[in-house]
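The values are calculated or read from the model by the stated rules, or taken from the named source; none is laboratory data. Here the structure is a predicted model, which means the values were calculated and not measured. Note: ideal-geometry Cβ built from the backbone for every residue, glycine included; neighbour counts use all protein chains shown. In case anyone asks, the SASA skips ligands and DNA or RNA and just uses the protein heavy atoms, side chains included. Shrake-Rupley method; radii C 1.70, N 1.55, O 1.52, S 1.80 Å.
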Amino acid sequence: MKEQGTFRVKKGMAQMQKGGVIMDVTTVEQAQIAEKAGAVAVMALERVPADIRAAGGVARMADPVMIKKIMDTVTIPVMAKVRIGHFTEAQILEEIGVDYIDESEVLTPADEQYHINKHEFKVPFVCGARDLGEALRRISEGAAMIRTKGEPGTGNVVEAVRHMRKVMDQIRQVVGKAEDELVVMAKELGVSLEWLQEVKKAGRLPVVNFAAGGIASPADAALMMQLGSDGIFVGSGIFKAANPQKVAEAIVKATMNYDDPKVLAEVSRGLGEAMPGLEMSTLTQADRMQERGA
Amino acid sequence: MKIGVLSIQGAVSEHLSHIARCDVEAVPVKTKETLCEVSGLVIPGGESTTIGKLIEISGLAAPIRERAHSGTLALFGTCAGLVLLAQEVLDGTKNQPKLELMNTRVKRNAFGRQRESFETKLEVKGFTSPLVGVFIRAPIIVEAGEDVEELARLPEGIVAARQGNLLAVSFHPELTDDRRMHQLFVEMCKVI
């Protein structure tokens, strides 16, 4: 008998993406460029985060027609985003058959209190997290993959670095703690003791953990990998650059050879103008997408 | 004896830990130099287009083909690895990169998209009890030459096969605690 949508199958799908780059695309042509450059998956959306930021207003799930067109064009997996807590958008994406759903703070949240109960879906979910508590809460809701939130659409890696370092630091703390201390830590983080015990046993998150939010260059990708990411999401960084094809290929190579400065030096050469970035201090509290859905 | 795991992209650490638990030294292989040291190489699950492209760029594809042909390297392809080993790939991307070593014709994503991915009990030739196969956007072998030995099958096609020093499975033995497929590969490497 075939058992579909088990947690092992959902989590396993993310494991197959490790060491790879997932790229945001808004058109069929961009999806083809991404696949050709060696992306392990594409994220189909109507606007890249930098444009969502610029446009303002309510950002929603992309048009299924556009997602479907991209699914028909590439053979690599296709992901798409839904608003935090918007389980109906997720039902629609599952129906059209996307391979992975990102319950994303990049879109305008639909629910300020609850995330989607992701156990109810056969399609796996990825969610953003800024620390271990957020990551384990999303996993207990059924997320099969975690990524840093970073600060999307800024081309500034500083927040992704902060979130990855924080999670890694907290994992090291968990590994070093005695059982009775874990009970207190579970309470502080708002997570169950069982999940913390699993983190302690494995010395890592129980699911794959990618970096996302502000990665704009091969060096950014390699930095995140050296800090312990399992792989990379690139949003605006590729198609807001002067030479998307070249930047996409360079980020793929940098992610694979993240610990080899020789390769990194080679792929970083002559990429042309990178996406214009945003300094964090220019963002108001309302501009900070990472605060959405903790 | 050392057994390598192609360390480009995908479920690398999972395979390394399974191989190590079979009491063999497991090494990640990213360069031609490390490839020289191993008797066997696992090509893990991941994205076949990505891995295929990067083994050509990194110069690993040629020595893998050479050593496999001369019988000095055993290969074990899981999921994407099964695709890369195949002689022919149906409905892949244009210029789907591959190693073209196994006398098989393969269909990618043969069971559907991620939503249709599944696990199931599987009878494998030579094993005394079934194993749990985890199939993730899995390919199948739709046709195999006479020199290919079928090891397991589902209604849709062949999901495990062996041809001399080559072993290929559609599913992910690295995602369960059952190490019998890896043990079988280790035995193949010992006689290389």
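Out of the residues in the stretch B:30-49 meeting the condition of being more than 19 Å from residue B:190 (Cα to Cα) and either under 15 Å from the mean Cα position of the chain (by Cα) or free of Cβ contacts under 8 Å to residues at least 12 places away in the same chain (or both), tell me which one is most open to solvent (accessible area, probe 1.4 Å). So that I can check it myself, show each step before the final result.
We begin by selecting, within the stretch B:30-49, every residue more than 19 Å from residue B:190 (Cα to Cα); these are B:30-33, B:44-49.
Filter once more, so that each one left must be either under 15 Å from the mean Cα position of the chain (by Cα) or free of Cβ contacts under 8 Å to residues at least 12 places away in the same chain (or both): B:33, B:44-49.
On the way: B:33: 125, B:44: 1, B:45: 0, B:46: 10, B:47: 14, B:48: 5, B:49: 12 Å².
So the residue we want is B:33.
Tell me yes or no: at least one residue of the stretch A:88-103 is more than 24 Å from residue B:14 (Cβ to Cβ), modelled with pLDDT under 95, within 14 Å of chain B (Cβ to nearest Cβ) and assigned to a loop (DSSP other than H, G, I, E, B).
No, there is no match, as no residue in the stretch A:88-103 is more than 24 Å from residue B:14 (Cβ to Cβ), modelled with pLDDT under 95, within 14 Å of chain B (Cβ to nearest Cβ) and assigned to a loop (DSSP other than H, G, I, E, B).
Output the residue which, of all residues in the stretch B:107-158 that are more than 8 Å from chain A (Cβ to nearest Cβ) and β-branched (Val, Ile, Thr), is farthest from the chain's Cα centre (by Cα).
Here the residue is B:128.
Under 7 Å by Cβ, and 6 or more places apart or on different chains, what pairs join a residue from the stretch B:1-29 that is closer than 11 Å to residue B:46 by Cβ and more than 13 Å from chain A (Cβ to nearest Cβ) with one that is surrounded by 24 or more Cβ atoms within 10 Å (Cβ to Cβ) and among the hydrophobic types (A, V, I, L, M, F, W, C)?
So the pair list comes out empty.
Among what's in the stretch A:140-161 and is out of contact with any Asp or Glu (no Cβ under 6 Å at 6 or more places or on another chain) and part of a helix (DSSP H, G or I), pick the residue that is least open to solvent (accessible area, probe 1.4 Å).
Ranking the qualifying residues of the stretch A:140-161, first place goes to A:160.
Within the stretch A:1-19, track down each residue that is in a helix (DSSP H, G or I), open to solvent by 20 Å² or more (accessible area, probe 1.4 Å) and touching a residue at least 40 places away in the same chain (Cβ under 8 Å).
A:7, A:11, A:15
With respect to residue B:45, determine if the residue is under 18 Å from residue B:12 (Cβ atoms), touching a Gly at 6+ places or on another chain (Cβ under 6 Å) and of a type outside the set (S, T, N, Q).
It is true that residue B:45 is under 18 Å from residue B:12 (Cβ atoms), touching a Gly at 6+ places or on another chain (Cβ under 6 Å) and of a type outside the set (S, T, N, Q).
I'd like to verify a number: residues in the stretch A:20-30 that are more than 16 Å from residue A:240 (Cβ to Cβ) and either more than 9 Å from chain B (Cβ to nearest Cβ) or open to solvent by 10 Å² or more (accessible area, probe 1.4 Å) (or both), how many?
Qualifying residue count for the region: 2.
Any idea which residue in the stretch B:47-70 is nearest to the other protein chains (Cβ to nearest Cβ), counting only those that are assigned to a loop (DSSP other than H, G, I, E, B) and at negative phi? Quick ask: steps written out before the conclusion?
Going through the stretch B:47-70, the residues assigned to a loop (DSSP other than H, G, I, E, B) turn out to be B:47, B:58-60, B:70.
Applying the additional criterion that residues be at negative phi yields B:47, B:58, B:60, B:70.
Working: B:47: 4, B:58: 8, B:60: 12, B:70: 28 Å.
Taking the candidates together, the pick is B:47.
Count, please, the residues in the stretch A:252-294 that happen to be more than 14 Å from every other protein chain (Cβ to nearest Cβ), open to solvent by less than 30 Å² (accessible area, probe 1.4 Å) and in a loop (DSSP other than H, G, I, E, B).
4
What pairs come out if I take residues in the stretch B:53-64 that are within 15 Å of residue A:37 (Cβ to Cβ) and pair them with residues that are surrounded by fewer than 16 Cβ atoms within 10 Å (Cβ to Cβ) and at pLDDT 95 or above whose C-beta lies under 8 Å away, six or more apart or interchain?
Nothing qualifies.
When you go through A:39, A:59 one by one, which is the residue that is within 13 Å of chain B (Cβ to nearest Cβ), of a type outside the set (D, E, K, R) and either assigned to a loop (DSSP other than H, G, I, E, B) or open to solvent by less than 10 Å² (accessible area, probe 1.4 Å) (or both)?
Of A:39, A:59, the one residue that is within 13 Å of chain B (Cβ to nearest Cβ), of a type outside the set (D, E, K, R) and either assigned to a loop (DSSP other than H, G, I, E, B) or open to solvent by less than 10 Å² (accessible area, probe 1.4 Å) (or both) is A:39.
Taking the stretch A:169-205 only, how many residues are surrounded by 14 or more Cβ atoms within 10 Å (Cβ to Cβ) and acidic (Asp, Glu)?
1
Would you point out the residue of the stretch A:80-117, among those that are hydrophobic (A, V, I, L, M, F, W, C) and open to solvent by 50 Å² or more (accessible area, probe 1.4 Å), that is nearest to residue B:113 (Cα to Cα)?
Within the stretch A:80-117, the match that is nearest to residue B:113 (Cα to Cα) is A:92.
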